[in-house]
Amino acid sequence: MDFKKLVSHCKEYGFIYQSSELYDGLAAVYDYGPNGVELKNNIKNYWWHSMVRMHNNIVGIDSAIFMHPKIWKASGHVDAFNDPLVDNKDSKKRYRADVLVEDYCAKIEGKIQKDVDKAAKRFGNSFDEHQFRTTNGRILERQAKIDSAMSKLNTGLAEGDMAALKLLIEELEIACPVSGTKNWTDVRQFNLMFNTQLGNISGEEGKLYLRPETAQGIFVNFLNVQKTSRQKIPFGIAQIGKAFRNEIVARQFIFRMREFEQMEMQFFVRPGTEMEWYNTWKESRMEWHKSLGTDANNLRFHDHENLAHYANAAVDIEFKFPFGFKELEGIHSRTDFDLKQHQEYSGRKVQYFDPELNENYTPYVVETSIGCDRMFLAMVSNALVEEPVPGSTDGSTRIVMKLPKAIAPVKAAVLPLLKNDETLVNAAKAVLGQLKKHCQVQYDEKDAIGRRYRRQDAIGTPYCLTIDHQTLEDGTLTLRDRDSLDQSRLSPEEAVTLINSETSFATIC
Ligand code: ATP
């Protein structure tokens, strides 16, 4: 579905609102509405279920957002968690230099894709895309432009050479999308951490950061968790929590936010085994995405060329968002960098005694890190479709959110056929009372039944239970399936059993 339509659907159906909308909004900050919070909680619970419950050697924690300021010095975030910033002097708009170059490349990639699509149409079944891409002169020329720009960008970023980035923007003749001019300031480093001040300590000493990643809360608790959970290496620590980044460019809805939530797992391994574990987690995380019904064609790996200061290997799982393939999750081999840094900065020994090897060492870490909000956006973009009503012949369409049943915000809706018939309403409320002990359910008696069905389709409710006059006679109700629209009659007890089993995580994990 068109991205604009998706955004307005999210608002209209109580999934996501712009934060502080009453005051004209706060950029890149969003609030989740009644259906949104249910869907988000289900995504978080499914991740937790897959990580913690399904692995004997992964345990969870919930560390505080505020941490000792030295932690961010040790982790390298104070000195190196920067984005290259550039302003256009005419529009006064601020950009990330790397994003300007990436957008320039994406435009060329778009042109290449157009040529490929045209050729595919012309040659039909005999079309060999790989051959076309590797032999067509115009495509090769365009690809060379992309490769050269990306290689210069990566070198500039890796060397922290801001002057080279400015030169690259000039060389590519990139213009500001707002003013259309090429009148740029110098490129400079901009630290992405928000900070605040402790009330009882003034100056630098009392400066606190809002964590830009949840991972450090795990690293500094490594010894506590290992000792109290008696885990042996290899083992993991998982955490879900808020993170904050002062993003320069805020756009694409909940894709890039200033306050967001991360689901991270740090897996501690023996030195020398990290690449094996890196590959294991890489595959395992890809399978997790597929378990949620995401089409394999909409997922891909993207290896990092430009490694963060702490990593010796890194890959993104990219998802085809409505605005193109973008990072959804990162898998990083973080070496022993963080634990060693914390050992040095804290002055305390942060090591593991391996009883099998009979030696102490600093474990290596493989991390999986996914933004809960990006996952939410991926799920909604996967699921939201406008389609012909199944079985209808009059050309009518419906908007339906085909979410996996296990993560749908509302599992069932209870609908009395008529709202003015007290006996039907009472029977429906009795079913509601039974069902709500088991799952998230909605009661709706307003409007004709067809409209109520559409409202439930629009939020992805897998089952609608209609209470009609036959219910009063034989106690059965009608269960309507969201996807097939099949209807069947069964008792409320049978409905509860069916809904519980069909919406359980066991069906997908
Ligand atoms: P990007 O390159 O898109 O800025 P990143 O490489 O900085 O992302 P990581 O530091 O690897 O991201 O963070 C791990 C995950 O956290 C990302 O894969 C993404 O899902 C999520 N994430 C990061 N920044 C944001 C943000 N500003 N808003 C929402 N989610 C985010």
*Among the residues of region 307-336, how many are open to solvent by 40 Å² or more (accessible area, probe 1.4 Å) and either more than 10 Å from the ligand (Cβ to nearest atom) or farther than 24 Å from Glu274 by Cβ (or both)?*
8
*Considering only region 2-39, state which residues are acidic (Asp, Glu), surrounded by fewer than 15 Cβ atoms within 10 Å (Cβ to Cβ) and under 20 Å from Leu403 (Cβ atoms).*
Asp2, Glu12
*Determine which member of the set Thr214, Thr228 is without any contact (Cβ under 8 Å) to a residue 60 or more places away in the chain, of a type in the set (Ser, Thr, Tyr) and more than 23 Å from Asp98 (Cβ to Cβ).*
Thr228
*What number of residues within region 113-130 satisfy the criterion of being surrounded by 12 or more Cβ atoms within 10 Å (Cβ to Cβ) and either over 16 Å from Gln143 (Cβ atoms) or of a type in the set (Lys, Arg) (or both)?*
4
*How about region 74-136: which helices (runs of 4 or more DSSP H) wholly inside it have at least 1 residues that are over 32 Å from the mean Cα position of the chain (by Cα) and under 25 Å from Ala149 (Cα atoms)?*
129-135
*Report yes if some residue within region 337-345 is in the same structural domain as Met275 (by TED's automatic domain parsing), touching a Pro at 6+ places or on another chain (Cβ under 8 Å) and surrounded by fewer than 21 Cβ atoms within 10 Å (Cβ to Cβ); otherwise report no.*
no
*If a residue has to be closer than 17 Å to Ala106 by Cβ and either surrounded by 13 or more Cβ atoms within 10 Å (Cβ to Cβ) or polar (S, T, N, Q) (or both) to count, how many in region 158-177 make the cut?*
6
*Among (1) under 28 Å from Lys44 (Cα atoms); (2) of a type in the set (A, V, I, L, M, F, W, C); (3) open to solvent by 40 Å² or more (accessible area, probe 1.4 Å) - the single one Leu417 does not satisfy*: (1)
*asked:* Looking only at region 119-155, how many residues end up being of a type in the set (A, V, I, L, M, F, W, C) and out of contact with any Asp or Glu (no Cβ under 9 Å at 6 or more places or on another chain)?
replied: 4
*asked:* Can you find a residue that is touching a helix residue (DSSP H, G or I) at 6+ places or on another chain (Cβ under 8 Å), in a loop (DSSP other than H, G, I, E, B) and β-branched (Val, Ile, Thr) anywhere in region 441-460?
replied: no
*Hey, Ser202 hits all of (1) within 30 Å of Gly347 (Cβ to Cβ); (2) open to solvent by less than 30 Å² (accessible area, probe 1.4 Å); (3) modelled with pLDDT under 95 but one; which does it fall short on?*
(2)
*How about region 209-239: which of its residues are modelled with pLDDT of 95 or more, away from the ligand (no atom under 15 Å from the Cβ) and either part of a loop (DSSP other than H, G, I, E, B) or among the aliphatic types (A, V, I, L, M) (or both)?*
Val220, Asn221, Leu223, Val225, Gln231, Lys232, Ile233, Pro234, Ile237
_Residue in region 400-411 that is surrounded by fewer than 18 Cβ atoms within 10 Å (Cβ to Cβ), within 21 Å of Thr478 (Cα to Cα) and over 31 Å from the mean Cα position of the chain (by Cα) present_ = no
*Please enumerate the residues belonging to region 358-397 that are of a type in the set (A, V, I, L, M, F, W, C) and either over 28 Å from Ala313 (Cα atoms) or without any contact (Cβ under 8 Å) to a residue 60 or more places away in the chain (or both).*
Val380, Ala383, Leu384, Val385, Val389
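The values are calculated or read from the model by the stated rules, or taken from the named source; none is laboratory data. All values reported here derive from a predicted model rather than from experimental measurement. A quick note on method: Cβ atoms are made from the backbone with ideal geometry, for glycine too, and the neighbour counts reach across all protein chains shown. In case anyone asks, the SASA skips ligands and DNA or RNA and just uses the protein heavy atoms, side chains included. Shrake-Rupley method; radii C 1.70, N 1.55, O 1.52, S 1.80 Å.
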